[in-house]
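The values are calculated or read from the model by the stated rules, or taken from the named source; none is laboratory data. What you see is a predicted model; the values in this text were computed from it and never measured. Neighbour counts are summed over all protein chains in view; Cβ atoms, including those assigned to glycine, are modelled from backbone coordinates with ideal geometry. Just so you know, the surface numbers come from the protein's heavy atoms only, side chains and all, with ligands and any DNA or RNA stripped out. Shrake-Rupley method; radii C 1.70, N 1.55, O 1.52, S 1.80 Å.
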Amino acid sequence: MNESAVALLPGSVSARHTLRVAIPTNEPPTQFYSEGTRYMTGTNPDIARLIGNALNLDVDIKVVNFDSIIPGIAAGRYDMTVSSMTPTTKRMAAMDFVDYMQMGNAIVVAKGAEPVTRDTLCGRRVGVLTGSYQLTVNVPAYEQDCAAAGKPPIRIGQFQDTRQAISALASGRQDAVLADSPILEYATANNPAIEVSDTFDYTPVAVGVTKEPALVDAVSAALDFVIAGDAYREVLEKYGAESAMITRARVNAAQ
């Protein structure tokens, strides 16, 4: 527990003694059910629990689709999300953000297939997650590059989770999958039928917090405390995500 962070909590959250945290699933190693259970584990649930411990609060994880998180935050159903979300100016209209680790983009292809890179996406069938930063920010920018070069647009397939996208890749319905690097690196380590073709654009991801200034301040102080401790490093090492470590929990640093 970090007493200075606890002192910043709004009364409504202190009285409830629980943080309601929205997290998607089916995305090892960032979030997934422990085998044979309904217990959520992975970097995101574990870091959410570290934040809860620092604030002396219970953590109630709500498993939801990624594209329903922002509406749920706006409607007051959740206090925050720990879901590898990239802070953008558009998303800041609905919530505030506190950095907690960094991620890059990765592209995977079928083992032995023609490589697909950031520069060769034009005209390819590319699987991405619905509501993801890749779909909402990266792909529009990449398609502008395609148009400027006189190349065909990217043929996007949308999926609710990376497992579905990789299944479409394995069956030949997609040429590549574009998603967060830890997720795809973990997937390739556990699936010999696919391989990483490119990694690029490492940027911070952040905890999204409902627009309650006192709660944002408390979560920011809690994350500063968490990031400075051994448990943060141990969580990331547990899931092979040491490269995701950061040293400072910036607030509202749009990417």
Expected output is a single nm value to one decimal: the length gained when fully extending between residue 242 and residue 151, i.e. 0.36 nm times separation in residues minus the C-alpha distance. What is it?
29.0 nm
Cross-link reach list, lysines versus residue 111, counting only Cα pairs under 27 Å and skipping chain neighbours closer than eight places:
151, 238
Students often forget the sequence filter, so: which lysines lie under 16 Å Cα-Cα from residue 90 once same-chain residues fewer than 8 apart are removed?
211
Need one number: nm distance between label points at residue 231 and residue 137, each 7 Å from Cα along Cα→Cβ, rounded to one decimal.
2.9 nm
Could you give the accessible area per residue of the stretch 100-255, probe 1.4 Å, as a whole number in Å²?
45 Å²
So what is the 222 nm mean residue ellipticity for the chain from helices alone, if each DSSP H run of at least 4 adds -39500 (n - 2.57) and you divide by all residues, rounding to the nearest 500 deg cm²/dmol?
-9000 deg cm²/dmol
What percentages, rounded to whole numbers, describe P(r) for the stretch 61-148 computed over all alpha carbon pairs with 10 Å bin width beginning at zero?
13, 41, 29, 15, 2
DSSP-defined antiparallel bridges as percent of all bridges, the stretch 104-202, nearest 5:
60 percent
The stretch 104-202 - percent of accessible surface contributed by carbon and sulfur, probe 1.4 Å:
50 percent
For every other residue with a beta carbon closer than 15 angstrom to the beta carbon of residue 161, add +1 if it is Lys or Arg and -1 if Asp or Glu, then tell me the sum.
-2
Gain in span if fully extended, residue 77 to residue 255, counting 0.36 nm per residue against the direct Cα distance:
61.5 nm
Two-site label geometry, residue 6 and residue 118: point separation in nm, points 7 Å out along Cα→Cβ
4.4 nm
Along its principal axes, what span do the Cα atoms of the stretch 104-202 show, with the longest given first and each in whole Å?
38, 25, 22
Amide H contacts under 5 Å for residue 104, placed H, 5+ residues apart
181, 203
